[in-house]
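A.B. asks: Just passing along the structure, written as structure tokens.
The values are calculated or read from the model by the stated rules, or taken from the named source; none is laboratory data. If you're wondering where the values come from, they're calculated on a predicted model, not measured in any experiment. What goes into the accessible areas is simple: the full protein's heavy atoms, side chains included, and nothing from ligands, DNA or RNA. Shrake-Rupley method; radii C 1.70, N 1.55, O 1.52, S 1.80 Å.
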Amino acid sequence: MADNYERMVRWYLRFNGYFTIENFYVHNPKKVFLEHVGDDTETDILGIRMPYSDEIAGTVKIANHAPLISGANGRSDVVIAEVKNVEGARPNSIWRHQEDADAVATISYILRFIGGWNEDRLQEIARSLIADFKFSDERFRVRYVMFSRSLSKGYADRVQHISFKEIVRFLDEQRGQCWKEHGLGVASTHNEWEPLITETFRILNGEDPPLERQKMVLRLLKNYGK
């Protein structure tokens, strides 16, 4: 189910220290149909990580995923996450119209909600994001990041992409090994986590070989809830 992938990405961001908001809509009051206000776009997940985020339990520094967090360099790190369970994924259409005033207004709406800049700077930052899919200043790094099975070749050099395989490999080989590496046990308990994630870690904490564990989790994402 498609939302399994969105849930996994949300938890992946949470494991790496990001506070998240799901399914953020950019409302457009000019689009009204049958008394319902329409929207310009929907962002699957907005995430923000504070500049000095770390999770340390006793002597254990909980692992983070370097491809995601590296480069923030003491700035608040904002991820505008798009999740597509497809091969050759492309950014949403609003991000593919660089000279479009409506696109600038839409991205400005998202930036205004994030709240890191005054109104005077929003359009400048929005144009930078639409042109390069990233922006940074002395306080913030902002990126449009795509999560999918693979990325369209036309965007490979422009958009940061993290595959579902990479997420599962990180959870298995880095995040899931923290306690073992410090001789404190094989896992921690998380009874309040949602079932998809508790089942993911049940598999990853099992005795199957790493590659097989990771394949099992990818099958779980595809089939869970059907």
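A.B. asks: Before rounding to the nearest 500, sum -39500 (n - 2.57) across all DSSP H runs of length at least 4 in the chain and divide by the residue total; then give [θ] at 222 nm in deg cm²/dmol. Working shown, then result.
C.D. replies: Details: 8 runs with 81 residues, N = 226.
Per the formula, -10500 deg cm²/dmol.
A.B. asks: Related question: Search the structure for amide H atoms under 5 Å from the amide H of residue 160, placed 1.01 Å from N in the peptide plane, and list their residues when 5 or more places away or on another chain.
C.D. replies: Correct list: 146.
A.B. asks: If 20, 106, 59 are ordered by their accessible area, calculated over protein heavy atoms with a 1.4 Å probe, which sequence runs from highest to lowest? Intermediate results must be reported in sequence, preceding the final value.
C.D. replies: On the way: 20 50, 106 0, 59 110 Å².
The residues order as 59, 20, 106, largest area first.
A.B. asks: Determine by what factor the alpha-carbon radius of gyration of the chain differs from 2.2 N^0.38 Å, reporting the quotient. Present the calculation step by step, with values, prior to reporting the outcome.
C.D. replies: Values: Rg = 18.8 Å, N = 226, 2.2 N^0.38 = 17.3 Å.
Computed over Cα atoms of the chain, the ratio equals 1.09.
A.B. asks: A further question on this structure: Over 27 Å between Cα atoms: which of 61/153; 61/222; 61/165; 134/222; 153/226 fall into that group?
C.D. replies: Where the Cα-Cα span goes over 27 Å, the pairs concerned are 61/153; 61/222; 134/222; 153/226.
A.B. asks: Could you state how much accessible area residue 173 has, in square angstrom rounded to the nearest 10, with a 1.4 Å probe and all protein chains kept in place?
C.D. replies: About 90 Å², rounded to the nearest 10.
A.B. asks: Sorted by accessible area with a 1.4 angstrom probe, largest first, how do 130, 48, 56 fall? Display every interim value, and only then the final one.
C.D. replies: Values: 130 0, 48 45, 56 110 Å².
Largest to smallest exposure gives the sequence 56, 48, 130.
A.B. asks: With every protein chain left in place, what is the accessible area per residue of segment 41-177 in square angstrom, probe 1.4 Å?
C.D. replies: Working: 6360 Å² over 137 residues.
For segment 41-177, the per-residue accessible area is 46 Å².
A.B. asks: Can you give me the solvent accessible area of residue 222 with a 1.4 Å probe, rounded to the nearest 10 Å²?
C.D. replies: In the full protein context, residue 222 sits at about 120 Å².
A.B. asks: Moving on to the next point. From largest accessible area down, sort 169, 213; use a 1.4 Å probe on the protein chains. Let's see the in-between values first.
C.D. replies: Values: 169 100, 213 20 Å².
Correct descending sequence by accessible area is 169, 213.
A.B. asks: Relative contact order, percent, of the chain when contacts are C-alpha pairs under 8 Å separated by at least 6 residues?
C.D. replies: Numbers: 345 pairs, mean separation 44.0, N = 226.
That works out to 19 percent.
A.B. asks: Rounded to the nearest 10 Å², what accessible area does residue 152 show when all protein chains are kept and the probe is 1.4 Å?
C.D. replies: 20
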